[in-house]
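Following: one structure in structure tokens, then a few remarks.
The values are calculated or read from the model by the stated rules, or taken from the named source; none is laboratory data. Note that the structure is a prediction, hence the values are computed from the model and not measured. Quick reminder, even Gly has a Cβ in these numbers, built from the backbone with ideal geometry, and neighbours come from all protein chains shown.
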């Protein structure tokens with residue numbers, strides 16, 4: 001299946017990708033994900049709604065013969081839904097062998113973020129655990145919230161949206 005969906009950095013080894021992050025905006029907040037998780041970035045596509053998907057799962061797209069479930073990052077992060085525009089993109093990822101697309105407001109750039117520029121996320125008390133924010137990076141005058149896309153959906157949610165082969 002991987003040959004049907006162009007892999008963005010398939011010729012680079014793991015060391016080359018180690019400190020590289022794709023940054024993107026959602027609700028005017030800058031986020032970063034490991035470039036190693038990114039398969040491809042595509043413009044908005046026609047999304048086919050799937051009955052009984054959670055509200056943040058907008059449906060599926062057919063990307064060169066591969067059916068890919070689509071998650072709206074805004075809705076997943078409990079932000080207000082907005083209309084998609086020419087800057088709205090889908091970041092196609094591979095999570096545990098399954099392709100999943102994430103809708104973001106806009107893609108920013110691929111940058112190096114080194115460990116000494118990353119702080120642990122703040123603790124909000126013993127009852128609150130943020131599982132998908134892995135760190136907070138300081139870049140120039142910007143704050144980048146680093147997220148692990150493998151953890152933005154729990155196991156049950158991941159199973160629900162990826163059982164559509």
Legend entry - region 88-110, residues that are closer than 18 Å to residue 142 by Cα and crowded, with 19+ Cβ neighbours inside 10 Å: 105
Legend entry - Positions within region 21-50 being over 13 Å from the mean Cα position of the chain (by Cα) and either modelled with pLDDT under 90 or part of a strand (DSSP E or B) (or both), in sequence order: 29, 43, 48
Legend entry - Hits in region 75-96 - residues which are more than 11 Å from the chain's Cα centre (by Cα) and either on the phi < 0 side of the Ramachandran plot or outside any loop (DSSP other than H, G, I, E, B) (or both): 75, 77, 79, 80, 81, 82, 83, 84, 85, 86, 87, 88
Legend entry - Among residues of region 134-151, those that are modelled with pLDDT of 80 or more and either surrounded by fewer than 17 Cβ atoms within 10 Å (Cβ to Cβ) or in a loop (DSSP other than H, G, I, E, B) (or both), counted: 10
Inset, instruction - Sort out which residues of region 56-82 are free of Cβ contacts under 8 Å to residues at least 24 places away in the same chain and within 14 Å of residue 43 (Cα to Cα), and write them in order of number. - result: 62
